[in-house]
Structures are given as structure tokens and as C-alpha cells.
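The numbers here are math on the coordinates, done by the rules we state, and not lab data. Since the model is a prediction, treat every value here as computed from it, not as a measurement. Heads up, the Cβs are rebuilt from the backbone with ideal geometry, glycines too, and the neighbour counts pull from every protein chain shown.
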Amino acid sequence: MTFADLVRLVVPGTAGNETIDVRDIGSTEVEDIEPASAAAPRLSAVPVRSGGLDRMAVLLNFGSGRDVVGLAILALFDVSGEPRLLDAANVASGDGTSFLDPARLPVGIGDDLLAIQSTHWNSSQGYTTVPLVLVRNDRLELVDSIFAFDENLCAFERAQQPELRREAGEPFSDIVASVTERTTLSGEDCGNGAVPEAGTRTITVRYQWDAGAQRYVPDSDAFDVLARESEGRFSRRHAVRPATTLLK
């Protein structure tokens with residue numbers, strides 16, 4: 001077995017005819033997506049466990065698609081014998097997608113959580129989405145997506161850094177996610193624009209397993225509030241430009 005064998009299970013087409021039938025990680029609807037380039041995807045792999053069984057998670061980063069901003073397929077394989085594709089989903093929101101460090105958190109007796117980061121940059125702003133994906137019952141289940149927004153302007157630099165850890169819980173560990181925001185001032189004279197105060201703050205959300213709903217649930221909407229704040233900052237910076245969205 002080679003990685004090329006695994007890629008062919010996800011992308012069965014030939015060069016120039018590489019349309020992929022795949023769902024978005026937050027959806028069950030399968031769509032036809034075509035990579036923007038015929039170049040081979042960048043590959044990275046992580047061994048995982050699902051239901052106590054050894055599996056392989058492979059991230060195929062195509063960069064972007066012809067009709068989507070980002071295209072990176074997270075694929076789950078059974079490689080104990082003849083390779084089998086168990087599930088796959090597009091986890092990209094930007095044109096650069098990779099596993100977070102650490103990529104895998106053991107959260108159940110035989111199940112793991114995968115963390116991915118997908119980024120997009122322009123001249124002064126960076127956008128990062130971190131999908132948290134539970135591997136369970138040989139499926140990829142989205143727990144949540146955490147959004148981080150960086151700014152590098154004349155007067156100040158603001159960076160948001162996501163981090164993950166697990167804490168004891170049954171039957172699944174608690175997942176504790178945080179985004180630490182650091183604002184530093186340049187000291188330059190940059191005109192009359194508003195300048196924030198320098199400082200650091202940390203936003204934390206704990207995800208706990210809900211046995212009735214059979215899924216992880218957050219203990220607050222703090223990350224949603226943070227994303228709305230970031231969207232407001234983006235909108236103010238681009239007030240004179242045509243309407244757009246954060247991830248375009």
C-alpha cells in the first residue's frame with residue numbers, strides 16, 4: 001500500500017478530470033468539487049483510533065478549488081488489510097490547510113479528536129479556522145469550528161492563537177479550547193485611526209459530552225461572540241470596499 005493508493009480512493013479521476021464527490025465537514029450533502037490545479041495535493045497523515053480500532057487519517061491539501069476558497073480533504077481509512085475509504089470531508093476555509101499541533105487528542109476509550117487549521121492571508125490580515133473533528137463509528141464528526149483573526153497594521157499588531165487540551169471526563173474527555181489574543185503597539189505615528197490598548201486576553205470554551213444528544217456541546221457562546229467581534233473589525237477596515245465576507 002502507498003499513499004498514492006489512498007489518494008486514488010478519494011480522487012478516482014484521471015489528470016484533467018479530477019472532480020471529487022465530497023461533503024463539507026459541517027454538512028451531509030455531497031458536492032462535486034474540482035481542484036483549481038492539476039498539481040498533486042500535499043499530503044500529511046496521522047494514525048487515529050475509532051471504536052478502539054486502528055485507522056489512518058490523511059489530509060489532502062489541494063490549496064483551492066475552482067468554485068471554493070479552500071479545498072483540503074480529510075479522509076479516514078481502514079488500512080488493516082486492503083485499504084478502505086471510510087469517510088471524507090472538505091475541512092478547508094482558506095488556501096492553506098494543515099494539521100494543528102497537536103493534531104490528535106485521545107478523548108475516548110478508543111476514539112480520537114483531530115484538529116486542523118485552515119488559513120488565508122492578505123496584506124494586513126490573516127484568517128484561521130480550526131475545525132475540531134471527532135473520529136467515531138468510523139465517521140468524521142464536526143465538534144465545532146474556532147475562528148481566529150490577525151491584524152498587522154501601522155499602529156498595532158493583534159494576533160489570536162488557538163490552543164487545545166483535554167481534561168478528564170466520561171465516557172469522553174472534556175475538550176478545553178482557548179484563543180489567546182495579544183495586542184502590541186508599534187509606537188508609530190499612523191494618523192487619526194483608533195488605536196487599541198496593548199494587552200493580552202484569553203477566551204476559553206469547554207466542550208463536554210452530552211450522552212443524550214450523542215455529541216459534544218460547548219459551555220458558552222464565547223467563540224461566537226469573538227467571531228462577531230472579528231467580523232466587525234474586518235467590516236470597519238473594509239468599509240469603503242464592496243461587500244464581502246470574512247473568508248473571501
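Would you work out the relative contact order for the chain, in percent, from Cα pairs under 8 angstrom that are 6 or more residues apart? Numbers along the way, then the final one.
Working: 557 pairs, mean separation 28.0, N = 248.
Computed value for the chain: 11 percent relative contact order.
I'd like the FRET efficiency for Phe3 and Val69, computed as 1/(1 + (r/R0)^6) with the beta carbon distance as r and R0 of 35 Å, rounded to 0.05.
Numbers: r = 25 Å, r/R0 = 0.73.
Taking R0 as 35 Å, the efficiency between Phe3 and Val69 is 0.85.
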**OP:** Extending each Cα 7 Å along its Cβ direction at Asp221 and Arg49, get the distance between those two points in nm, one decimal.
**Re:** 3.7 nm
**OP:** Positive end of the charge dipole of the chain (Lys, Arg +1 and Asp, Glu -1 on Cβ, about the Cα centre): tell me which of Leu132, Ser27, His120 has its Cα farthest that way.
**Re:** His120
**OP:** Using only Cα positions of the chain, each an equal point scatterer, no hydration layer, compute I(q)/I(0) via Debye at q = 0.15 Å⁻¹ and quote the log10 values to two decimals.
**Re:** -1.08
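Loop-only check: which GluC sites (Glu not before Pro) in segment 156-229 are DSSP coil with at most 15 other Cβ within 10 angstrom? Please list the in-between numbers first.
Working: sites: Glu157, Glu163, Glu167, Glu181, Glu188, Glu197, Glu229; in loops: Glu188, Glu197.
Those satisfying the criteria are Glu188, Glu197.
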Original post:
Based only on Cα atoms, what Rg/Rh ratio does segment 66-211 have, Rh being taken as Kirkwood's radius?
Top reply: 1.07
Subject >> Kirkwood Rh in Å, taken over segment 143-202 so that all alpha-carbon pairs contribute >> reply: 13.7 Å
Original post:
Using a simple spin-label model with points 7 Å from Cα along the Cα→Cβ vector, what separation in nm is obtained for Gln214 and Gln161?
Top reply: 3.9 nm
